[in-house]
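The values are calculated or read from the model by the stated rules, or taken from the named source; none is laboratory data. If you're wondering where the values come from, they're calculated on a predicted model, not measured in any experiment. Heads up, the Cβs are rebuilt from the backbone with ideal geometry, glycines too, and the neighbour counts pull from every protein chain shown. Note: areas computed on protein heavy atoms with side chains; ligands, DNA, RNA excluded. Shrake-Rupley method; radii C 1.70, N 1.55, O 1.52, S 1.80 Å.
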Amino acid sequence: MKYPFLVGLLALVTAATRLPEAPSAFDGVSNGLVDSTTHQTDQSRFDEVEGVDDGLGPLYNAQSCRECHQNPVSGATSQITELRVGHRAGGRFENPSIPIARGTVVIAGRSLVNDRAICPSAQFSNTEIQERVPLTETIMTTRVSLGLLGDGFVEAVADETLINVARRQPAQSGGKIRGQALYVPVVEAPGETRIGRFGWKDQHASLLSFSADAYLNEMGITSRLQPDEVTALCNTAQEPNNRPESDGLEDIDHFTRFIRAAKAPPRDAVLAETASAMRGSQIFDAVGCAICHVRTLTTAPAGTKINGGMFTIPAALGGKAFHPFSDYLLHNVGTGDGIVQSFQEHYGRRAYSVGWRNLSAGDFYNTADKIRTAPLWGVRMQTRLMHDGLSLTFRDAILRHRREANDVTLRFENLSSGQQEELFQFLRSL
Ligand code: HEC
Ligand code: HEC
């Protein structure tokens, strides 16, 4: 029983070492998935500033994807945070009920609180829809923007790969660390689920599902996958706001292809070659950071069908090795914000009527105090660290790691100040 398993594992490891590297650069050029004209067209949709006529709002956070995903190039990250709140009832997290329009309408079914609204305006001078946090909400956090560069490779990782990483962790950590792999709905394939890997809470497995979620919840723009507005007040645009163009694609399809075609964030080539960063890299492994911040993952072979059969991994993304410094699993490192991702917000109102394979409410509730291991590729561009953006230095971010990461943090604290500086130098090179 054990022997063939080991042979299989060995074959996998040898295959992994031979896999070509995913391309990495901040050059805005396609990773090979599409030609450069197509990539520029897709990026122009991602960069486009939407207005009320395009369906912006009624409630929203920003007018373009790029507003929050731009440092140093479109598709990367930013300092922008958004607001999530809720409370506990019957021992469980519950979404807020947010009264708008002087209490005549209540926004429910989401933990997100939108920071902006399209009215009152000239056309609706008497309609007040701005959301504010009600006094009833005792749980609140900010969540900082995430980078999307390289996420096409992350999407192309097989579920089994992530499950195997989780299985290895207890043995690597004296039983302390075991990431949670969470099955989440693939919105474009009703009934199908996949291991979540995107968002601070692993709320999505598919970049198309995430793009439709972001278009609705960040910008208020409905699409075929998220057809229901958060509120009808002040809404004048045609529904769904996002429709196919002459090429047959909606904006959400362009966003998705733009992200899938993006190269991974590159290292700082100069710092990466310094002796101190190289020693820091060894320290990173030696103290156990790499148990969660996994250096290398590999994508499934080209031709593999993923996302409930809705996407076939192309040659540009299949069979590649890449270095995200994350296991994409959920962990309790003592920083949890107590929030369980809202089903309606992320998968749509209609998702309730679908019978989802492998979906477990218990597994969802179990995520309240867990956060996905933050991928560290490109972290040198991030000024505000951790999910809430409240850690401003690498030292502070590391010292906040407790619970599952406690032994690792103690080993960090026992390093000499010179060794700690080498570890920071390594992080500055990522
Ligand atoms: C107001 C800021 C803002 C806007 C606008 C915005 N995003 Fe985001 N984005 C975020 C934040 C914050 C997160 C992390 C959300 C979370 O998990 O709670 C995120 C996460 C993501 C992720 C997951 C990345 C990962 O690696 O886990 C994707 C994909 C994404 N956004 C795509 C988009 C697209 C496409 C648009 C435009 C339709 C968009 N975003 C607009 C702030 C924004
Ligand atoms: C048990 C798993 C685990 C271990 C071990 C671990 N981390 Fe983390 N790391 C996480 C999680 C989960 C987060 C996100 C926490 C949050 O946002 O609240 C994180 C976040 C971070 C961040 C913030 C990144 C960002 O973009 O905001 C840095 C930097 C970081 N870790 C470095 C390290 C270093 C260095 C070590 C070793 C000393 C380490 N981590 C060990 C799981 C781990």
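Filtered by the rule that a residue be part of a loop (DSSP other than H, G, I, E, B), within 15 Å of ligand 1 (Cβ to nearest atom) and surrounded by fewer than 18 Cβ atoms within 10 Å (Cβ to Cβ), the range 76-99 gives a lone residue, Gln79. State the number of residues belonging to the range 103-144 that are of a type in the set (Val, Ile, Thr), in a loop (DSSP other than H, G, I, E, B) and under 15 Å from Gly57 (Cβ atoms). The total comes to 3. Evaluating Val184 against the criteria (1) more than 16 Å from His331 (Cβ to Cβ); (2) open to solvent by 10 Å² or more (accessible area, probe 1.4 Å); (3) away from ligand 2 (no atom under 16 Å from the Cβ) leaves one unmet condition, (2). Apart from one condition, Gly378 fits all of (1) more than 6 Å from ligand 2 (Cβ to nearest atom); (2) at negative phi; (3) crowded, with 17+ Cβ neighbours inside 10 Å; the exception is (2).
Is it the case that the range 66-75 has a residue that's part of a loop (DSSP other than H, G, I, E, B) and β-branched (Val, Ile, Thr)? Before you say what the answer is, go through the steps one by one.
At the first step, the residues of the range 66-75 found to be part of a loop (DSSP other than H, G, I, E, B) are 68-70, 72-75.
Now narrow it down to the ones that are β-branched (Val, Ile, Thr): 73.
Yes: the range 66-75 contains one or more residues that are part of a loop (DSSP other than H, G, I, E, B) and β-branched (Val, Ile, Thr).
If you filter the range 242-257 down to residues that are in a loop (DSSP other than H, G, I, E, B) and open to solvent by less than 40 Å² (accessible area, probe 1.4 Å), you find that the one that is farthest from ligand 1 (Cβ to nearest atom) is Glu250.
Could you check how many residues of the range 145-159 are of a type outside the set (A, V, I, L, M, F, W, C), part of a helix (DSSP H, G or I) and buried (at least 24 other Cβ atoms within 10 Å of the Cβ)? Matching residues across the range 145-159 total 2. Among the residues of the range 287-315, write down those that are touching a helix residue (DSSP H, G or I) at 6+ places or on another chain (Cβ under 8 Å), open to solvent by 20 Å² or more (accessible area, probe 1.4 Å), over 19 Å from Asn164 (Cβ atoms) and among the aliphatic types (A, V, I, L, M). If the condition is that a residue be touching a helix residue (DSSP H, G or I) at 6+ places or on another chain (Cβ under 8 Å), open to solvent by 20 Å² or more (accessible area, probe 1.4 Å), over 19 Å from Asn164 (Cβ atoms) and among the aliphatic types (A, V, I, L, M), then Met310 is the only one that fits. Residues in the range 381-416 that are more than 9 Å from ligand 2 (Cβ to nearest atom), part of a loop (DSSP other than H, G, I, E, B) and of a type in the set (D, E, K, R): Arg402 alone. Within the range 220-241, the set of residues being near ligand 1 (Cβ under 10 Å from one of its atoms) and open to solvent by 10 Å² or more (accessible area, probe 1.4 Å) is empty.
Among the residues in the range 412-422, are any under 20 Å from His331 (Cβ atoms), in contact with a helix residue (DSSP H, G or I) (Cβ under 9 Å, 6 or more places away or on another chain) and of a type in the set (D, E, K, R)?
Quick first cut of the range 412-422, residues under 20 Å from His331 (Cβ atoms) only: 412-413.
Next, from what is left, pick out any that are in contact with a helix residue (DSSP H, G or I) (Cβ under 9 Å, 6 or more places away or on another chain): 412-413.
Cutting the leftovers down to of a type in the set (D, E, K, R) gives us 413.
Yes, some residue in the range 412-422 is under 20 Å from His331 (Cβ atoms), in contact with a helix residue (DSSP H, G or I) (Cβ under 9 Å, 6 or more places away or on another chain) and of a type in the set (D, E, K, R).
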